[in-house]
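A.B. asks: This is the structure I want to talk about, given as structure tokens.
The values are calculated or read from the model by the stated rules, or taken from the named source; none is laboratory data. These numbers were taken from a predicted model, which means no experiment stands behind them. Note: ideal-geometry Cβ built from the backbone for every residue, glycine included; neighbour counts use all protein chains shown.
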Amino acid sequence: MMDTMGVIIACNDKVNLGELERVRSVSAMPFGGRYRLIDFVLSGMVNSNIINVGVATDYNYQSLLDHLGSGKPWDLARKKYGLFILPPFARHQESISGDMEMNLLTGILHYMKRSSQKYVIVADCNNVCNIRFDDVVAQHRQSGADITLIYQKTDKRVDGEVYAALDENNCVTGLHYGNGNKNCTNRLVGYYVFTKEVLVSLLEKCQLQGKNNFLHDIIGATVSKGRVMGYCFDGYLRSITDIDSYYKVSMDLFDSRIRRSLFVADDKILTKTKDKVPTRYLNNAEVKSSIIADGCIIDGIVENSILFRGVTVEKGAVIKNSIIMQDCVVSESAMLDSVIMDKNCVIRKGKMLVGQPDFPIVVGKRRTI
Amino acid sequence: MNKKECIAMILAGGQGSRLGVLTRDLAKPAVQYGGKYRIIDFPLTNCAHSGIDTVGILTQYKPLELNTYIGSGQPWDLDRNDGGVYVLPPYMRETAGEWYKGTANAIYQNIEFIDKFNPEYVLILSGDHIYKMNYADMLSYHIEKNADVTIAMIPVAMEEASRFGILQTDDNGRIVTFEEKPAKPKSNTASMGIYIFTWDKLRKELIEDENDAASSNDFGKNIIPKMLRQGSALFGYKFEGYWKDVGTVESLWQSNMDILESDCLDLYNEDWTILSKSPLESPHVLGKNSNVKDSFITEGCYIDGTVKHSVIFDGVSIEKGAEVVDSIVMSGAVIGEDSRIYKTIVGPGAKIGRKCRLGLDEEDKYKSKYCSGGVSLVGADVTIADGSAVGRNSMITENIKGGKR
């Protein structure tokens, strides 16, 4: 799809991950043992043969920069186009009003104008899915719409989400917020295809008029002109918005059908590789129903848990229903249940931490307990 | 090109016929090792960590898979503007062209390549050894001794000594005797097949050797003994640490088992990460019936059976009730329900059906001269039907079809 570019909005506005997000952009949030959240949408774009991708970031983008590097793992280290990391525009103080999405998009107007592609996909970074954009862009091209928004059918409405009402031709007739209007359950997933010149002119107009709400002033304004189409994505897609959804979506990976649809498809989720050693199981290891990344050393008991790269589980340690991120050490006879542990933590000998599946305990980066 | 102090040449042209069906479709250096590596990752990693940024890889036998694996050299940080990794097959010249006749001839045919970098020293390596070694230290030793050739050496078991080049040194480290594969070895100090030559000396020797019709153009048989006879400065460089020639099915199996021992090869040292091209699969999954002990398991695997003292490569499935012991299961292989696999190397992509027995019984049907020490071998992409039995020391090269039991 040489005629389409991608823009990923890597901001923390729509997400509240508490202590986990304090140290990083949500886009760089570790997920599923070896991935970062941005890998899902970025791989989706790359797997759809998009070769021009901009990542617009707000603050806290160090770990994101470290993860993306030159874009090589996604084949985006290229002479022509490739990966562009677009940090916030310097005039942050002036433009602080309004939503971050609008600010970031306005800040990268010149990048979009300079690119030759005719269409642009604007995408949030907090979804877990394996999506190809070819079909939706094909539909967009054919329909001649200004915007095509991607939605998924859900069975109930929740606060904080936005839903689209559609007519029989898939034309969006209105946007509904939160848990009102029970009939309309087409949840917006935060992926939009724009005809680029329309997006550019809308952004410029909004800038002049001081309008700064992306959903209302860009999407909503175009809906009222009848120029927005809907595209239903019926594969697995979940948005990470808080600790609860992070934990639930992580636990979804134990469902083999979901896991396969995400990872065993023809289109791989690409990520930075670290050349870790295979995981070493020792004589006292008892591991069941778990997802284990490379580079771990396991001599304890692990059940229903996700271990990221380089985790050490010493003899007699017990880990259940937990998510343990990179390079953590769980010492002898320690016991963890329903814990989300950020990178580089150490649980000392015999310590115990027990949360509940609907209320997991979160341990911040580099803590020692 | 800028002048280079030292460049490396890796001899990767050998077939490795003693590995049987494992090298049917690929060269020995491309054979998988240690869960996620290939043999050639070890010399390439050593080069990368020793600051050697120009590497020629001499290929000849079935090079497709090796060439594809090396690619631009990026996994080893060898995609460089000035230098980098080069795959060097034999090629046609104005009058004729010929295959690499021997190890020395392979380097001879690439004199022009080496001259382009105008190096002071040339490091000659084999593509079929498992070890971690800092070549920079060996080069310092070579320079300090003002040597013409430095040969890395290691003690081996006396009964195996006749498989190697055997040498003796004086107190100063200078080599006084060298015999290639002697029937009656004088010592158990073996050449590791790792040489540093001062390039102008080697260049001269290679040309002389090529003009000698009686020579078999081999470093161990011709170049080294001749240089020793004519009084050149040959020094031995003592290497301490793990080193294994993985030339046979049994030694390949043993060397994989060695990484399960803590005192053999430390793969965890962050300063000497073994670099390789990652298969990029999702983390591995252990099912609710799994029982994994004393093993290596890597990305993309699904394990619902029992795995003990084994090395499992990427993308392997081991189904419920299956039992894998003392074995090596290579990329993408499938072990069916209730099968029992003992002391077997299962090649990449092999499909073992249900209720099979491999490597358990004394049975002669598939016995092979390549397999010894009780180790059995299943070739790449071979399918073995449900309920089949394969004895010890067996090699399976074709599908085993089901039928009467």
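A.B. asks: Go over the candidates B:Ser276, B:Ser255, B:Ser262 one by one and state the one that is at the interface with chain A (Cβ under 10 Å from one of its Cβ atoms) and touching a residue at least 60 places away in the same chain (Cβ under 8 Å).
C.D. replies: Matching residue, one of B:Ser276, B:Ser255, B:Ser262: B:Ser276.
A.B. asks: A:Ser256 fails exactly one of the following numbered conditions: (1) farther than 21 Å from A:Ile361 by Cβ; (2) facing chain B (nearest Cβ under 9 Å); (3) crowded, with 23+ Cβ neighbours inside 10 Å. What is the number of that condition?
C.D. replies: The number of the failed condition is (3).
A.B. asks: Report every pair of residues separated by at least 6 positions or lying on different chains whose Cβ atoms are under 7 Å apart, first residue within segment B:66-77 and assigned to a helix (DSSP H, G or I), second surrounded by fewer than 20 Cβ atoms within 10 Å (Cβ to Cβ).
C.D. replies: As it stands, the answer is B:Asn67/B:Val87; B:Tyr69/B:Lys277; B:Ile70/B:Val87; B:Pro75/B:Lys277, since those pairs meet every condition given.
A.B. asks: If you don't mind, another one. How about segment B:300-346: which of its residues are crowded, with 24+ Cβ neighbours inside 10 Å and within 21 Å of the chain's Cα centre (by Cα)?
C.D. replies: B:Ser310, B:Val311, B:Ile312, B:Phe313, B:Ser327, B:Ile328, B:Val329, B:Met330, B:Thr344, B:Ile345, B:Val346
A.B. asks: Let me ask something else. Return the residue satisfying two criteria in turn: it lies in segment B:174-192 and is under 16 Å from B:Asp245 (Cβ atoms) and of a type in the set (A, V, I, L, M), and of such residues it is farthest from the chain's Cα centre (by Cα).
C.D. replies: Taking segment B:174-192 first, the residues under 16 Å from B:Asp245 (Cβ atoms) are B:180-181, B:185, B:188-192.
Filter again for of a type in the set (A, V, I, L, M), leaving B:190, B:192.
Working: B:Ala190: 17, B:Met192: 12 Å.
Residue satisfying both the conditions and the ranking: B:Ala190.
A.B. asks: Which of the residues spanning segment A:329-369 are in a strand (DSSP E or B) and farther than 21 Å from A:Val23 by Cβ?
C.D. replies: Our first condition is that a residue be in a strand (DSSP E or B); within segment A:329-369, this holds for A:329-330, A:335-337, A:339-341, A:346-347, A:352-354, A:356, A:359, A:361-363, A:368.
If the condition is that a residue be in a strand (DSSP E or B) and farther than 21 Å from A:Val23 by Cβ, then A:Met335, A:Asp337, A:Met352, A:Val354, A:Gln356, A:Phe359 are the ones that fit.
A.B. asks: Could you list, in sequence order, the residues of segment B:106-156 that are within 21 Å of B:Asn2 (Cβ to Cβ), assigned to a strand (DSSP E or B) and among the β-branched types (Val, Ile, Thr)?
C.D. replies: B:Val122
A.B. asks: Taking segment A:260-284 only, how many residues are within 7 Å of another protein chain (Cβ to nearest Cβ), free of Cβ contacts under 8 Å to residues at least 24 places away in the same chain and not hydroxyl-bearing (Ser, Thr, Tyr)?
C.D. replies: Going through segment A:260-284 one residue at a time, the tally reaches 5.
A.B. asks: Might you let me know whether segment A:186-203 holds any residue that is farther than 25 Å from A:Gly54 by Cα, assigned by TED's automatic domain parsing to the domain that holds A:Tyr111 and touching a helix residue (DSSP H, G or I) at 6+ places or on another chain (Cβ under 7 Å)?
C.D. replies: No; the residues of segment A:186-203 include none that is farther than 25 Å from A:Gly54 by Cα, assigned by TED's automatic domain parsing to the domain that holds A:Tyr111 and touching a helix residue (DSSP H, G or I) at 6+ places or on another chain (Cβ under 7 Å).
A.B. asks: Sticking with this one: Filter segment B:291-312 down to the residues that are touching a residue at least 24 places away in the same chain (Cβ under 8 Å), of a type outside the set (Val, Ile, Thr) and at the interface with chain A (Cβ under 8 Å from one of its Cβ atoms) and list them by number.
C.D. replies: Scanning segment B:291-312 gives B:Asp294, B:Ser295, B:Phe296, B:Glu299.
A.B. asks: Give me a count of the residues in segment A:30-51 that are away from every other protein chain (no Cβ under 14 Å), outside any helix (DSSP H, G or I) and buried (at least 24 other Cβ atoms within 10 Å of the Cβ).
C.D. replies: So the count comes out to 2.
A.B. asks: Only one of these is touching a residue at least 40 places away in the same chain (Cβ under 8 Å) and in the same structural domain as A:Asp13 (by TED's automatic domain parsing): A:Asp159, A:Asp135, A:Asp155. Name it. Working first, answer last.
C.D. replies: Working: A:Asp159 fails: touching a residue at least 40 places away in the same chain (Cβ under 8 Å); A:Asp155 fails: touching a residue at least 40 places away in the same chain (Cβ under 8 Å).
Exactly one residue qualifies, and that residue is A:Asp135.
A.B. asks: Does B:Gly247 satisfy being over 30 Å from B:Val329 (Cα atoms) and either more than 10 Å from every other protein chain (Cβ to nearest Cβ) or part of a helix (DSSP H, G or I) (or both)?
C.D. replies: Numbers: over 30 Å from B:Val329 (Cα atoms): no; either more than 10 Å from every other protein chain (Cβ to nearest Cβ) or part of a helix (DSSP H, G or I) (or both): yes.
No: the conditions fail for B:Gly247.
A.B. asks: Quick one: B:Ser282 ticks every box in (1) closer than 12 Å to A:Thr279 by Cα; (2) free of Cβ contacts under 8 Å to residues at least 40 places away in the same chain; (3) at the interface with chain A (Cβ under 7 Å from one of its Cβ atoms); (4) surrounded by 17 or more Cβ atoms within 10 Å (Cβ to Cβ) except a single one, so which number is it?
C.D. replies: (1)
A.B. asks: May I ask you to verify whether A:Ile292 is within 16 Å of A:Val329 (Cβ to Cβ), surrounded by 18 or more Cβ atoms within 10 Å (Cβ to Cβ) and either facing chain B (nearest Cβ under 8 Å) or of a type in the set (A, V, I, L, M, F, W, C) (or both)?
C.D. replies: Numbers: within 16 Å of A:Val329 (Cβ to Cβ): yes; surrounded by 18 or more Cβ atoms within 10 Å (Cβ to Cβ): yes; either facing chain B (nearest Cβ under 8 Å) or of a type in the set (A, V, I, L, M, F, W, C) (or both): yes.
Taking the combined requirement at face value, the residue satisfies it.
A.B. asks: Hey, could you check segment B:356-383 for residues that are of a type in the set (Ser, Thr, Tyr) and assigned to a strand (DSSP E or B) and say which is farthest from B:Gly402 (Cα to Cα)? Give the steps one after another, and end with the answer.
C.D. replies: Taking segment B:356-383 first, the residues of a type in the set (Ser, Thr, Tyr) are B:366, B:368, B:370, B:372, B:376, B:383.
Next cut, assigned to a strand (DSSP E or B) only: B:376, B:383.
Working: B:Ser376: 20, B:Thr383: 10 Å.
Applying the filter and picking the extreme gives B:Ser376.
A.B. asks: So the check is Cβ under 7 Å with 6+ separation or different chains; which pairs have a first residue in segment B:17-36 that's under 30 Å from A:Cys296 (Cα atoms) and a second one that's surrounded by 24 or more Cβ atoms within 10 Å (Cβ to Cβ) and of a type in the set (Ser, Thr, Tyr)?
C.D. replies: Within 7 Å, the pairs are B:Gly35/B:Thr298; B:Lys36/B:Thr298.
A.B. asks: When you scan segment A:106-221 for strands (runs of 3 or more DSSP E) that lie fully inside it, which ones turn up with 2 or more residues that are in contact with a Gly (Cβ under 9 Å, 6 or more places away or on another chain) and under 29 Å from A:Ser261 (Cα atoms)?
C.D. replies: A:119-124, A:127-129, A:147-153, A:162-166, A:186-195
A.B. asks: Okay, moving on. Limited to segment A:222-250, what total is found for residues that are in a helix (DSSP H, G or I) and in contact (Cβ under 8 Å) with a residue 24 or more places away in the chain?
C.D. replies: We begin by selecting, within segment A:222-250, every residue in a helix (DSSP H, G or I); these are A:222-223, A:243-250.
Adding the requirement that they be in contact (Cβ under 8 Å) with a residue 24 or more places away in the chain leaves A:222-223, A:243-244, A:246-247, A:249-250.
Count: 8.
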